[in-house]
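Please read the structure below before turning to the comments.
The values are calculated or read from the model by the stated rules, or taken from the named source; none is laboratory data. Not measured: the values here are computed from a predicted model. Cβ: placed from backbone, ideal geometry, glycine included. Neighbour counts: every protein chain shown.
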Amino acid sequence: MNTPQPSELAYVPFVSVANMMRLVHSLGVDRFLSDLAAYIEEDFKRWPEFDKTPRVASHSLEGVIELMPTADAELYGFKYVNGHPKNMKEGFQTVTAFGVLSSVSNGYPVLLTEMTLLTALRTAATSALVGRYLAPKGASVMAMIGNGAQCEFQALAFRALCGITRLRLYDIDPAATAKAKRNLEGQGFDVMACSSAQEAVEGADVITTCTADKQCATILTDNMVGRGQHINAIGGDCPGKTELHKDILTRAQIFVEYPEQTRIEGEIQQLAADHPVTELWQVMRGEVPGRTDANQLTLFDSVGFAIEDFSALRFVRDKVAGTAFSEPLDLLADPDDPRDLFGMLTRAG
Ligand SMILES: NC(=O)c1ccc[n+]([C@@H]2O[C@H](COP(=O)([O-])OP(=O)(O)OC[C@H]3O[C@@H](n4cnc5c(N)ncnc54)[C@H](O)[C@@H]3O)[C@@H](O)[C@H]2O)c1
């Protein structure tokens, strides 16, 4: 076999899981989350510049596999992501992901990266960024219902961006709460393990729901939620997969990423298609208000939108440039004569 060496154009920078972990540690997780949130905010503020579409979802009885594309005039990005709530019990992650950033001008990928860790980081950075606009002033206590893979990332982002220092944890599986308590105490949080969701939300300024269930669940009912709190609901993100009782939705001021996708996947799938919602990009641009008074119940009906992944890809591309945190991957066939792809194949025989 006489395989020629790949040319410069064949290589795409690839960020492995090991390198993503090194990158996060080199920056520090707090700085990573804050800097990433700044990229997300920057992209939300230029929302009209993006091609937008609800993600392309392939559903099965067990879960969903999704493609999440978006582009501006210079860059195209997509993420492959799955959601399989049953996975955890079988020793697999509920959510895994990888993504690509490409040049719009010639279609060549400029980055291929793991995005399982990056999705947890970008979801948390987005939640906390939104929390900065919507959480009550001086918020310091957060209830976290669902203590799985996303939980610690959410807590760290809310501390870095919103000043949350005290956590009240609840999960139907006490082992998940014990894991999260151990990890989060190790990060300097004041953590209380609770024996019910009702107990967890007592005295909380912010309530984060990050459970995984394939069906409509009722993690929070209206009587559990007071006035003036902010709910960060990230677990309801598929048709037929919600976390909040409808009565909470009719009382709350609801904020969303991209209504066309959230009406399919978010908590608001329970409401009429014309129920009023506020788009976060407009809040971030100062075009419409966020929280308007201390007694208002605000809800971020998070489903995760492609622009957040685009921002995360852009962020990682910038951070790994000129470092050893990426490796060149021989991804693109590059014949000497662009039309002689077959000749390149036969010469390698
Ligand atoms: N909005 C977004 O952008 C976004 C991004 C990533 C993940 N998610 C979603 O967030 C959720 C959590 O993801 P994960 O990776 O942490 O999953 P995970 O499986 O690791 O953890 C989920 C936890 O929820 C717990 N749980 C299930 N039902 C519960 C209930 N009724 N009350 C309390 N706890 C309950 C489980 O015991 C488990 O510990 C998933 O639904 C996922 O699809 C959303």
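Per-structure values
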{"quantity": "Candidate set: region 153-205, residues that are in contact (Cβ under 8 Å) with a residue 60 or more places away in the chain and touching an Asp or Glu at 6+ places or on another chain (Cβ under 7 Å); chosen: the one farthest from the ligand (Cβ to nearest atom)", "calculated": "160"}
{"quantity": "Which numbered condition residue 274 fails, given (1) surrounded by 15 or more Cβ atoms within 10 Å (Cβ to Cβ); (2) more than 20 Å from residue 208 (Cβ to Cβ)", "calculated": "(1)"}
{"quantity": "Members of region 115-169 found to be within 10 Å of the chain's Cα centre (by Cα), under 22 Å from residue 42 (Cα atoms) and of a type in the set (Ser, Thr, Tyr), listed by number", "calculated": "119, 123, 126, 127"}
{"quantity": "Qualifying residue in region 67-76 (condition: among the hydroxyl-bearing types (Ser, Thr, Tyr) and either over 25 Å from residue 319 (Cα atoms) or without any contact (Cβ under 8 Å) to a residue 24 or more places away in the chain (or both))", "calculated": "no"}
{"quantity": "Tally, over region 167-211, of residues that are part of a loop (DSSP other than H, G, I, E, B) and either modelled with pLDDT under 95 or closer than 10 Å to residue 147 by Cβ (or both)", "calculated": "5"}
